[in-house]
1. Taking the conditions exactly as written (modelled with pLDDT of 95 or more and either part of a helix (DSSP H, G or I) or surrounded by 10 or more Cβ atoms within 10 Å (Cβ to Cβ) (or both)), does Leu15 satisfy them or not?
2. Return the only residue of Leu67, Leu88 being within 36 Å of the chain's Cα centre (by Cα) and of a type in the set (A, V, I, L, M, F, W, C).
3. Give me the pairs: first residue in the stretch 74-99 and surrounded by 10 or more Cβ atoms within 10 Å (Cβ to Cβ), second residue in a helix (DSSP H, G or I) and at pLDDT 90 or above, beta-carbon distance under 8 Å, and six or more apart or on different chains, which are they?
Amino acid sequence: MSLLVGGAVSAVLGLIGFFFWWADFMTILKGGIPILLFLGGILAVYIGVDEIQDKLLEERHKQEESLAKAREEIEMVRAKAEQYKEELDKMKEEKKKES
């Protein structure tokens, strides 16, 4: 209950303060807006650079995965080729034995 009363009193005093010190409030606001814009711009640039770095890292990771997959496929093809070569050599030997 005391929080409610304290909040109501603060709101009323703040409203009265706006009426009496409106010009001072506007001076502070005029000085604060450029600072807020500057800091907001710096934050936006930082977030943008961070996002670009994340995208580049993700793209690099995808390329590495693709390269690893291609290497696996190459190894599988080499193994198959070696198997076919061995089978061909066996068939040649069998043909020589038959002749």
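1. When the stated conditions are applied, Leu15 does not pass them.
2. Leu67
3. So the pair list comes out empty.
The values are calculated or read from the model by the stated rules, or taken from the named source; none is laboratory data. Keep in mind it's a predicted model, so treat the numbers as computed, not measured. As a convention, Cβ positions derive from the backbone with ideal geometry for all residues, glycine included, and neighbour counts pool all protein chains shown.
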